[in-house]
Amino acid sequence: MEQWERVKVMEESCNQASAALKALEAALSQVQAALPALRALDAYLGSPAWHQDRADDEAGAFPPQLRRGVLSEDTIYDLLTDYRELREQALSLPEEL
């Protein structure tokens, strides 16, 4: 490999890594901001309030246009599982390169 080719490859590597780290930084900021919402959903799932809301929904107490995906156990559970898996994935990044 010519010297100029090596510099070109390293420049591309630097640009790729820089873009990835900036995207990760932005995503981490968004997740940090969403932590109160995730905690609220974690407390809501399976709570007496959630069970009452689900029963009332099944009884037709809510307007039909109301979005109520949170009344499905899978919606919140899957979201919380995704958070936990992504957190583990982030923690598994090596300290040493």
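Each reported figure results from applying straightforward, stated rules to the coordinates on display, with no laboratory input. Note that the structure is a prediction, hence the values are computed from the model and not measured. Neighbour counts run over all protein chains shown; Cβ positions are idealised from the backbone, glycine included.
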Practice task
Show the residue pairs that are 6+ apart or on different chains and have beta-carbon atoms under 8 Å apart, the first residue being within region 69-80 and surrounded by 15 or more Cβ atoms within 10 Å (Cβ to Cβ), the second being assigned to a helix (DSSP H, G or I) and basic (Lys, Arg).
Solution key: LEU71/ARG54
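Return yes or no: is LEU35 surrounded by 11 or more Cβ atoms within 10 Å (Cβ to Cβ), out of contact with any Gly (no Cβ under 6 Å at 6 or more places or on another chain) and either in contact (Cβ under 8 Å) with a residue 40 or more places away in the chain or under 17 Å from ARG84 (Cα atoms) (or both)?
no
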Fill in the blank from the handout: PHE62 vs (1) of a type outside the set (Val, Ile, Thr); (2) more than 26 Å from ARG87 (Cβ to Cβ); (3) surrounded by fewer than 11 Cβ atoms within 10 Å (Cβ to Cβ): all pass except (3)
